[in-house]
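Some notes on the structure that comes next.
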Amino acid sequence: MPVTAYNHVPIPSFMYGTAWKKEATTRLVQSAVAAGFTAIDTANQLIHYQEALVGDALQALAKNGIARDRLFLQTKFTPTNGQDHRTPYDASADLTTQVRQSFDSSLAHLHTENVDSYVLHGPYQRQGLGKADWEVWTAMEGLYESGKAKMIGISNVTAQQLTQLCAQAKHKPMVVQNRCFAALGWDKEVREICRTHGIIYQGFSLLTANGAVLADPEIRAIAKRLGAGVAQVIFRFAMHIGMLPLTGTTSPQHMKEDLQAEQFTLSPEDIRRIETIAL
Ligand SMILES: NC(=O)c1ccc[n+]([C@@H]2O[C@H](COP(=O)([O-])OP(=O)(O)OC[C@H]3O[C@@H](n4cnc5c(N)ncnc54)[C@H](OP(=O)(O)O)[C@@H]3O)[C@@H](O)[C@H]2O)c1
């Protein structure tokens, strides 16, 4: 079931993440699509992602009849503070040029003329938004207006930064991608801002950031009652509370299991319990 942001562009309701896959990226993206994923997340950031290998997978998939337009592609502009020496743009250029160069390099890596979603990997400062953030956001708005990025978004953002961006940007973000900690009410404050503005909230590290929840007897009992796995219960819970989850699994079996989370329903009581497990 696709979900839709305030600009009415649909996104598949579950996304496959390609961080830390290294040389297995090509094979795993093909496996993920074979398992049923139609949305892929990457970044033009060689420390953690192999965007060009995602592109190789897309070429192989196209040869096998799965065309680019059947897939939702999301990539990111990563500022210099998140890059190593392999920066995919001229790090001495002005920020507007850096965004354009990084974006063009992403299009070349992914063998596409546009991306479905283009995300700022994170603000330049921990609190508030500064001159650099606004220059980069304005460049991203230009890509959105050109039609080359059908949505723009921001990652690793605080509630205060998101509020500021929504209040002052020409185009507020259509997606937010954050690490989701159960102990912070599953990022409740940021999710609430997203809900108010029609922004799609994408949650990552739902499993890896919440080890204590996975081990909790209450969630294990819910999973047992439903005949599901604990990971499936977490992903289903995420969808029930309005989130678009990412999974980073490397296992074809887990890919299928994660997608099957959409096939069962949690009761309002289950949802209330999971919401409060880590609080
Ligand atoms: N914007 C950012 O700064 C940022 C940062 C981090 C991540 N991300 C994005 O989010 C994506 C996902 O992040 P993540 O890797 O932290 O996600 P995750 O899904 O929380 O963690 C993946 C781990 O969960 C396990 N897993 C997945 N499904 C499972 C299942 N059904 N049963 C048991 N274990 C299961 C995987 O093990 P197996 O491999 O054995 O299945 C793997 O160890 C990344 O690939 C990236 O695209 C973005």
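The values are calculated or read from the model by the stated rules, or taken from the named source; none is laboratory data. This one's a predicted model, so the numbers in the text were calculated from it and none came from an experiment. Don't worry about glycine lacking a Cβ; one is built from the backbone with ideal geometry, like all the others, and counts go over all protein chains shown. For the accessible areas, the whole protein counts, side chains as well, though only heavy atoms, and no ligand, DNA or RNA atoms are used. Shrake-Rupley method; radii C 1.70, N 1.55, O 1.52, S 1.80 Å.
Is there any pair linking a residue in the stretch 224-239 that is more than 19 Å from GLY211 (Cβ to Cβ) to one that is surrounded by fewer than 18 Cβ atoms within 10 Å (Cβ to Cβ), with Cβ under 6 Å and at least six apart or on different chains, and which?
Correct list of pairs: LEU226/PHE264.
Which one of ALA108, ALA60 is within 19 Å of LYS21 (Cα to Cα) and away from the ligand (no atom under 16 Å from the Cβ)?
Just one listed residue meets the conditions, ALA60.
So, LEU214, is that one free of Cβ contacts under 8 Å to residues at least 24 places away in the same chain and among the hydrophobic types (A, V, I, L, M, F, W, C) or not?
Against the criterion (free of Cβ contacts under 8 Å to residues at least 24 places away in the same chain and among the hydrophobic types (A, V, I, L, M, F, W, C)), LEU214 qualifies.
Out of all the residues in the stretch 230-266, which are surrounded by 17 or more Cβ atoms within 10 Å (Cβ to Cβ) and either part of a loop (DSSP other than H, G, I, E, B) or of a type in the set (Gly, Ala, Ser) (or both)?
Matches in the stretch 230-266: ALA231, ALA238, ILE241, GLY248, THR249, ALA261, LEU266.
Applying the selection to the stretch 243-279, what residues are in contact with a helix residue (DSSP H, G or I) (Cβ under 6 Å, 6 or more places away or on another chain), more than 13 Å from the ligand (Cβ to nearest atom) and farther than 28 Å from GLY198 by Cβ?
ARG273, ILE277
Just the residues that are out of contact with any His (no Cβ under 7 Å at 6 or more places or on another chain) and within 11 Å of the ligand (Cβ to nearest atom), please, taken from the stretch 32-44.
ALA32, ALA39, ILE40, ASP41, THR42
Which one is nearest to the ligand (Cβ to nearest atom), of the residues in the stretch 45-57 that are hydrophobic (A, V, I, L, M, F, W, C) and open to solvent by 10 Å² or more (accessible area, probe 1.4 Å)?
ILE47
Would you mind finding the one in LYS150, LYS172, LYS131 that is in contact with a Ser or Thr (Cβ under 9 Å, 6 or more places away or on another chain) and among the basic types (Lys, Arg)?
After applying the criteria, what remains is LYS150.
Residues in the stretch 142-162: is at least one within 20 Å of HIS48 (Cβ to Cβ), of a type in the set (D, E, K, R) and open to solvent by 60 Å² or more (accessible area, probe 1.4 Å)?
No, the stretch 142-162 contains no residue that is within 20 Å of HIS48 (Cβ to Cβ), of a type in the set (D, E, K, R) and open to solvent by 60 Å² or more (accessible area, probe 1.4 Å).
If a residue must be surrounded by fewer than 17 Cβ atoms within 10 Å (Cβ to Cβ) and within 11 Å of the ligand (Cβ to nearest atom), how many such residues does the stretch 3-31 contain?
2
For the stretch 215-229, which positions are open to solvent by less than 40 Å² (accessible area, probe 1.4 Å) and over 12 Å from LEU266 (Cα atoms)?
Matches in the stretch 215-229: ASP216, GLY229.
Go through the stretch 183-211 and count every residue that is hydroxyl-bearing (Ser, Thr, Tyr) and open to solvent by less than 10 Å² (accessible area, probe 1.4 Å).
1
Give just the number: which of (1) more than 14 Å from ASP116 (Cα to Cα); (2) under 17 Å from the mean Cα position of the chain (by Cα); (3) open to solvent by 10 Å² or more (accessible area, probe 1.4 Å) does ALA60 not satisfy?
(2)
Spot the failing condition for TRP137; the list is (1) under 19 Å from the mean Cα position of the chain (by Cα); (2) open to solvent by 10 Å² or more (accessible area, probe 1.4 Å), and only one is missed.
(2)
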